[in-house]
Each structure stands twice: as C-alpha cells, then as structure tokens.
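The values are calculated or read from the model by the stated rules, or taken from the named source; none is laboratory data. Only a predicted model underlies this, so the values are computations on that prediction, with no experimental measurement involved. Positions of Cβ are backbone-derived with ideal geometry, glycine not excepted, and every protein chain shown enters the neighbour counts. Surface areas here come from the heavy atoms of the whole protein model, side chains and all, with no ligands, DNA or RNA. Shrake-Rupley method; radii C 1.70, N 1.55, O 1.52, S 1.80 Å.
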Amino acid sequence: MKKILGFLLVSLLLTACETTEKPDGYVVNGTAKGVLNGIRVYLKSRDDKGKEMFRDTAIIVDEKFKFEGKIENPQMWFLQVNSVPGSKPFMIENGVINIQVEKDSMHTTKVSGTKSNKAFEEYNLKVKELSQKRRTLSMNHRQAERGTDSAKTKLIKEDLDKLTNEMMSYPFEFINKNNDNFFSLVLIESLLGGNNTDLDKLSNAFNNLESDIKQSIYGMRVNTRIITKKQEKERLANLEIGKAAPEFSAPDPDGKMLALKDMKGKVTIIDFWASWCGPCRRENPNVVKVYEKYHDKGLEIIGVSLDKQGQKDRWLSAIEKDKLTWHHVSNLAYFNDPVAKQYAINSIPATYILDEEGTIIAKNLRGPALENKIAELLD
C-alpha cells in the first residue's frame, strides 16, 4: 500500500512539474530555421473590405521569434517573414501557438497549439484531399472523352458530379460538426464572399453555432453581413425581368416630388445618367430620337441623374444642351442616390424599360436595341 501511495505521490509531483500556467493572452512561439538574425516578422489581418492591416512585428534572433498580446475572440490573421515568399494564415487566439517557419515558403509553414488552429488544419487537409481527387477524376474524364468508351465516360462524369457535390457540402458539414469552434465562424465569413453561396444554408449554419460565438463582436459582425447579403439578393430578385418595377419618388429640378406611379399606363424608360458621364451624354441623342418618335404613341422617360451635391447647375445645363425634354429627378447624391441604390445601379448609363402596367420587360438597352424594343411595344 505504501508503495502504491508513493508511486501516486511521485506521479502527482511529476504532473505538477510538467504543468505550465495558461497565459492570459496569446503567445506565439516561432522558429525559423535557416533565417538570418535581424529579419523582421509581421502579424497582419484584413478588414471587411480585404484591406491589409498591420498588427505587430518581431525580429528573428537565433532562429526564433515571439509575439505576445491579448485578443477578445479568435480571428484569422497572417504571418509574413521578410525574405520568405508568401504569407501564412492562422487562427490568432489566446493560448500558446507554435509556428515553424519554412525558409523556402510560408505555404509549408506549420502551425499548432490551439483549438481553432487544430480545426483549421483538419479542414485544410480534407479540402486538399477532395481537391486532389477532383483533379484526378477531371483528368480521367478528359482522357475518357477522347476515347470511344462512352459508358466509361458517363461513369466518371457521375463520380465527378458526386465529388463536386461533396465538396460543396463539406464546409457546411464541417461547420455544423464544429459549432463550438471560432474557425467555423471564420469559414462562414469566407463563404460569404462566394457569388453562388446558399445564403439560407449559411444562415442556418451560423444559427447553429454556440451562443458565445454568435454573440461575440465578431459573430455579430458576420451575422450582419449575412443579413445584408440576403437583403441584397432579395432586392436584386425584385429587379428581374417580369417583376413589377419598385416604386420610388424623387425631386424634380423645381424641387417637386415626382413618383414612378405617375407614369402608370405608359411605356416608361427609367434612364440613369449624369452630366459628368461621357457615355451617357453620347447616348443621349439616341434617346432623344426614340422619345420624339414614340412620345405621342405613349412613351414616357424619367431621367434619374447621379450628379453630385452642389452640381445642380451642371445637371440642368446638360438637360438643356442635350435637349432632354422628358421628366427628370435627382437627389444630387452621386451613386448614393436612393433611387440608384434601390435599382442596384453600379455604373451608368443604365436603363429599365417598363410596360404600361409597370412591369420590367427589358434592361440596359442602348442604341438600335432600345429603339427596337420601344417599337415592339408601341408600333
């Protein structure tokens, strides 16, 4: 019995000796074998627009470097080393993080030591595995297409489609499986950048995260982006051909409010332009020609100017000079014009063509194409 107690006591002492106090913030311990003394190492992040932000710097001494600090929630940061190509993304979070820099490339640099980085590594390994399988299948499919065995080609194509679906589903499966990990939140934010991302699935994945992750400042920011993107998608869907044109009203040159509904019963062109826009001014003679030819047959035009604040005189001068004798409105707010935002206008000239019921039947027609569409409606 004494021997057993003695053994347990020794074990406890050894365990106590091996236990290190968990740091209050983050400690990044780096090694950089083969990198010279004095080389600088940088910690950087990116803002919502992808702009690079400097966070901290260290200097390599005896092939080692170190960063210390504190962060409220884990985030994706990047490590860069002067003289070493590339940058290494990793999860910065409170705890001990070990980074082993490879002097030939940051892409082969290894990161370990924390929960989020472990999840990040697991995700990357699976993505690499799936990507390699897809490359192999794609190559086999191309080779099969050059042959005469159509059955084999079909089977490979089915496998390729199945793998593609697996790759599309994997991020969501990973997030749901790791809903207690901040890397899942980073993954959700990265998926927001895709044009074809299923926003409903992404929203569900976010809602399935642990409460402390969702309610963090970072989590609330990501959720706001999801909501905004869903609203934008819905807004764009309402601008598709066949949809009723969104109602709006805006001040005319005399300051009186003119509404789109005032044009009801007429074929209407909503023409987004500005006095400073060269292509718009060059297109104006064609629009004048169409208006003069079809106004008496039931055509109306509302010109929505994206001129800037303080440039009303330029707007009015352009109307007179170009002989634009139809309806005009403007908030003199450039691309921040509420009507331009409502109609998702990112460049001008831009047009929406509406039928007598106010339904969108064509968009962004210019030159002969515009005249042909109006002729189709009114001749």
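Inter-label distance, Glu376 to Ile217: 5.4 nm, where each label sits 7 Å from its Cα along the C-beta direction.
Surface exposure of segment 251-340, expressed per residue as accessible area with a 1.4 Å probe, stands at 49 Å². With kT/(6 pi eta Rh) evaluated at 20 °C and eta = 1.002 mPa s, and Rh the Kirkwood radius from Cα pairs, segment 329-379 diffuses with a coefficient of 174 µm²/s according to Stokes-Einstein. Once the chain from Lys115 to Glu210 is taken as fully extended at 0.36 nm per residue, the excess over their C-alpha distance is 32.7 nm.
Using a Gaussian network model of the chain in which every pair of alpha carbons under 10 angstrom is joined by a spring, one finds that among Gly265, Gly50, Gly219 the greatest mean-square fluctuation is at Gly50.
Taking 7 Å steps out from each Cα toward its Cβ at Thr224 and Asn140 produces label points 4.8 nm apart. What a 1.4 Å probe finds exposed on the chain is 51% carbon and sulfur by accessible area, rounded to a whole percent. Rounded to the nearest 20 debye, the dipole magnitude of segment 80-224 is 460 debye, with +1 charges on Lys and Arg beta carbons, -1 on Asp and Glu beta carbons, and the Cα centre as origin. In segment 236-379, a dipole from Cβ-located charges (positive for Lys and Arg, negative for Asp and Glu) runs towards its positive end, and of Gln342, Ala237, Gln311 it is Gln311 whose Cα lies farthest in that direction. Summing Cβ point charges (Lys, Arg +1; Asp, Glu -1) relative to the Cα centre of segment 275-351 gives a dipole of roughly 160 debye.
Comparing mean-square fluctuations of Glu166, Glu158, Glu68 from a GNM of the chain with C-alpha springs under 10 Å, the top value falls on Glu158.
Which percentage, to the nearest 5, of the DSSP beta bridges contained in the chain is antiparallel?
Around 70 percent antiparallel, to the nearest 5.
When the helices in the chain are scored as -39500 (n - 2.57) per DSSP H run of 4 or longer and the sum is shared across all residues, what 222 nm value do you end up with, to the nearest 500 deg cm²/dmol?
Taken over the chain, the calculation gives -14500 deg cm²/dmol.
If the limit is 25 Å between Cα atoms, which of Lys133/Lys230; Lys88/Lys115; Lys118/Lys162 go over it? Violating the 25 Å limit, Cα to Cα: Lys133/Lys230; Lys118/Lys162. Tell me, rounded to the nearest percent, the portion of alpha carbon pairs in segment 214-360 spaced more than 22 Å apart. Above the 22 Å cut-off, segment 214-360 has 44 percent of its Cα pairs. P(r) for segment 121-197, from all Cα pairs and a bin width of 10 Å, is 17, 39, 26, 14, 4, 0 %, short bins first.
Taking amide hydrogens as placed 1.01 Å from N in the peptide plane, the amide H of Lys64 sits under 5 Å from those of Ala32, each at least 5 positions away in sequence or on another chain. Here the spin labels are modelled as points 7 Å beyond Cα on the Cα-Cβ line, and at Asn364 and Ser105 they lie 3.8 nm apart.
So, with +1 on the Cβ of K and R and -1 on the Cβ of D and E, and no other charges, what is the size of the charge dipole of the chain about its Cα centre, to the nearest 20 debye? Walk me through the numbers before you get to the answer.
Numbers: 57 positive and 53 negative charges, 234 e Å.
That gives a dipole near 1120 debye.
Over all orientations, the chain has a Cα convex hull whose mean projected area works out to 32.7 square nanometres. Per residue, segment 19-156 exposes an accessible area of 62 Å² to a 1.4 Å probe, with every protein chain left in place.
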